[in-house]
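A short worksheet on the structure shown next.
The values are calculated or read from the model by the stated rules, or taken from the named source; none is laboratory data. For clarity, every value in this text was computed on a predicted model and none was experimentally measured. Note: ideal-geometry Cβ built from the backbone for every residue, glycine included; neighbour counts use all protein chains shown. Only protein heavy atoms, including side chains, enter the accessible area calculation; ligands, DNA and RNA are left aside. Shrake-Rupley method; radii C 1.70, N 1.55, O 1.52, S 1.80 Å.
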Amino acid sequence: MILFPAIDLKNGQCVRLEQGDMARATVFNLNPAAQAQSFVEQGFEYLHVVDLDGAFAGKPVNAEAVETMLKTIRIPVQLGGGIRDLETVEAWLDKGITRVIIGTAAVRDPELVKAAAKKFPGRVAVGLDARDGKVAVEGWAETSQVTVLEIAQRFEDAGVAAIIFTDIARDGLLKGLNLDATIALADAISIPVIASGGLASIEDVKAMLTPRAKKLAGAIAGRALYDGRLDPAAALTLIRNARAPGS
């Protein structure tokens, strides 16, 4: 299980939103690269970055901030937000992003995901963000009529590296992960699933390490890390111990 610290970019700054609402943004760091470096120093192994402005604009907006981060840190980075065509996928991978996350385009243009996953095996993830079980798109501004499972099943044999499943109702509110829905999704498909939205405390990390959650590939932590509710050292120690042989 990988615990991904999240950096959400808005106007070049590191922010957290509540329920995906751009009007409810809290700025946590004016320097995203320094924030990324801080996560590396805390012992995290993989960074999750979202270009929030890009998700709304449909194209990369915070590229400069992302590129500065890539020059600053040496751990893998997965990036989502505004990635809607093969050229953008390729450009980010060329710049050093380890894995791109396709969200809106996965709903609107599933063939793009299939083409990208075929061309770049293991380097394309799908971000599925749900409001009441239905997938939201365009930076969560619109809700589609399709369920998360319906979309996920389209990519069963496409070579997608992971599905990142976010419960919008919980995102940024520290209410705890929606593990029931996330595990149900993971049990229904063969693609690894990463839980996102609402991770609040060490209890969520412990829940991720229970036998019923064994199919989950990881979880994304945002606000809980920024406001000190989740101790990175304690969380990472728990995960390391769970990975140890015989545990």
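What the table below lists for this structure:
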quantity: Rounded percent of accessible protein surface that carbon and sulfur make up, the chain, 1.4 Å probe; calculated: 50
quantity: Inter-label distance for Val146 and Lys206, nm, one decimal - labels placed 7 Å from Cα along Cα-to-Cβ; calculated: 3.9
quantity: Rg ratio (alpha-carbon, reference 2.2 N^0.38 Å) - segment 92-247; calculated: 1.05
quantity: Label point distance in nm, Thr26-Ile75, each placed 7 Å from Cα along Cα→Cβ; calculated: 2.1
quantity: Pairwise label distance in nanometres, Asp180 with Val40, each label 7 Å out on the Cα-Cβ vector; calculated: 4.1
quantity: Nearest-10 value in Å² for the accessible area of Val66, using the 1.4 Å probe; calculated: 0
quantity: Under Karplus coefficients 6.51, -1.76 and 1.60, residue-wise ³J(HN,Hα) of segment 22-33 in Hz, glycine/proline x; calculated: 4, 7, 10, 9, 10, 7, 9, 7, 6, 10, x, 5
quantity: Candidates per GluC sites (Glu not before Pro) in segment 136-168, loop by DSSP, up to 16 other Cβ within 10 Å; calculated: Glu138, Glu156
quantity: Probe 1.4 Å, accessible area per residue of the chain, Å²; calculated: 42
quantity: Counted charge near Leu112, where neighbours are those whose Cβ lies closer than 15 Å (Asp, Glu -1; Lys, Arg +1); calculated: +3
quantity: Radius 13 Å from Cβ of Gly198, net charge of other residues (Lys, Arg +1; Asp, Glu -1); calculated: -2
